[in-house]
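What follows is one structure encoded as structure tokens, with my remarks underneath.
The values are calculated or read from the model by the stated rules, or taken from the named source; none is laboratory data. Predicted model only: the values in this text are computed from it and were never measured. Methodologically, a virtual Cβ is constructed for each residue, glycine included, from the backbone with ideal geometry; neighbour enumeration extends over all protein chains shown.
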Amino acid sequence: MSILSFNTKVHFGHGERSKLLAETQANRMSRPLFVTDRGVIDAGVFAMATESLTDDLTKVIFDRTPPNPTEDAVELATAMFHAEKCDGVIGIGGGATMDLAKAVAVLAGQAAPLWEYCNRHPAPRPIHQPPPLLLMPTTAGSGSEVGRSAVIVFRNGVKAGIGCPQIVTAAICDPELTLTLPQYMTAATGMDAMSHCVETFCSPMVNPPADAIAIDGIKRMFSSIERATYEGGDRDARWNMMMGALEGAICFQKGLGAVHSVSHALGALGYHHGTLNAIMLPHVLRMNAPYILDKMSIMSAAMGLPVDVQLPLVFARLNQRLGLPEGLSDLGVKQEIFNDIATAALADNAHKTNPFVLTHQDYVELLKQAW
């Protein structure tokens with residue numbers, strides 16, 4: 001690890017959604033494409049996020065973001081961007097919405113098959129002249145507003161990232177936009193963020209600043225996730241969850257691990273990403289434990305627990321208290337696909353930075369344990 005980089009300008013805090021007007025003006029947006037979904041609109045969160053905007057700004061709205069952002073959806077939104085002669089992109093929503101907005105900004109600058117920009121392509125295209133891009137998260141989960149890539153389900157069946165670490169012009173993180181997020185989504189997206197901090201900290205890549213950030217994220221979220229889930233109006237818990245989600249994504253430069261290599265493979269089939277990460281986290285930690293004993297102790301201490309606590313069991317019990325599914329079988333995953341999922345996990349970039357190198361059989365066994 002020879003380059004330490006934290007790329008994105010972030011407005012962070014309660015009420016910071018008011019900065020949206022200034023950012024649209026600073027970036028000369030008069031007709032931006034808003035990327036969002038119907039749930040965010042119907043819940044009134046979109047209106048809340050955009051309340052500072054004046055009537056002289058035209059809102060062109062793409063509200064068909066799927067639960068897992070797809071290549072088809074990116075192309076539909078990009079076609080709207082061009083047809084409506086938009087001059088910027090503003091993503092307001094969860095991780096799927098923000099990843100979709102980032103991919104639209106990638107395609108809007110230069111038309112080409114989206115796969116040609118993917119990290120998994122043998123020679124990814126450079127990104128040329130993307131429009132200004134603003135992101136406003138409405139969940140405390142993916143941290144995509146500061147993440148290094150846009151994760152998309154491509155038409156070839158692969159779920160993978162488009163490397164675009166500097167494409168976001170500015171992020172506006174206002175915890176008040178998460179106050180009405182339902183319990184299940186608070187829990188599932190929160191455990192997504194928790195898995196980011198845990199996996200990046202456990203990555204063997206050497207990056208002490210990122211490690212310190214990840215540990216701070218783990219500490220904040222472990223003490224806040226249950227309050228945020230069951231006392232949704234707790235502003236302090238919502239603030240700490242959004243900060244922890246941002247911190248986890250800042251640390252993506254260290255790489256992730258087997259939690260994500262599996263969840264990306266299963267996520268390509270339509271399963272919810274945060275839920276998958278919550279289910280897989282205890283089992284991956286148990287498998288990785290012999291290789292990260294020192295890091296397990298550091299994480300336990302940060303969480304206010306004895307250093308010799310069984311951390312996989314701690315996370316399994318946390319999932320139970322949050323009302324999340326205990327196993328893949330609860331999601332309807334069939335064991336007959338495990339070989340294919342193991343093959344896909346081996347090809348995923350997150351596989352490369354797990355604390356030890358899993359084999360195909362290791363992945364199959366891991367999936368059985370998590371079933």
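Values for this structure:
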item: Residue satisfying all of: in the stretch 104-116; in contact with a Leu (Cβ under 8 Å, 6 or more places away or on another chain) and farther than 13 Å from Phe34 by Cα; surrounded by the most Cβ atoms within 10 Å (Cβ to Cβ) among these; result: Val106
item: Residue match in the stretch 23-46 (condition: of a type in the set (Ser, Thr, Tyr) and either at pLDDT below 95 or touching a Phe, Trp or Tyr at 6+ places or on another chain (Cβ under 9 Å) (or both)); result: yes
item: Matching residues in the stretch 105-136 - criterion: being part of a loop (DSSP other than H, G, I, E, B) and either hydrophobic (A, V, I, L, M, F, W, C) or in contact with an Asp or Glu (Cβ under 9 Å, 6 or more places away or on another chain) (or both); result: Ala111, Ala112, Pro113, Arg120, Ala123, Pro124, Arg125, Ile127, Pro131, Pro132
item: Filter result for Asn339 (assigned by TED's automatic domain parsing to the domain that holds Met194, in contact with a strand residue (DSSP E or B) (Cβ under 8 Å, 6 or more places away or on another chain), surrounded by fewer than 19 Cβ atoms within 10 Å (Cβ to Cβ) and not aliphatic (A, V, I, L, M)); result: no
item: Among the residues listed as Glu116, Glu51, Glu71, the single one being touching a strand residue (DSSP E or B) at 6+ places or on another chain (Cβ under 9 Å) and either not aliphatic (A, V, I, L, M) or not assigned by TED's automatic domain parsing to the domain that holds Gly248 (or both); result: Glu71
item: Pick from the stretch 68-88, criterion in a loop (DSSP other than H, G, I, E, B) and in contact with a helix residue (DSSP H, G or I) (Cβ under 6 Å, 6 or more places away or on another chain), ranking: nearest to Arg31 (Cα to Cα); result: Pro69
item: Test: residue in the stretch 298-309 that is surrounded by fewer than 16 Cβ atoms within 10 Å (Cβ to Cβ), part of a helix (DSSP H, G or I) and charged (D, E, K, R); result: no
item: Of all residues making up the stretch 344-371, the number that are hydroxyl-bearing (Ser, Thr, Tyr) and free of Cβ contacts under 8 Å to residues at least 40 places away in the same chain; result: 1
item: Residue check, His360 within 21 Å of the chain's Cα centre (by Cα) and modelled with pLDDT of 95 or more; result: no
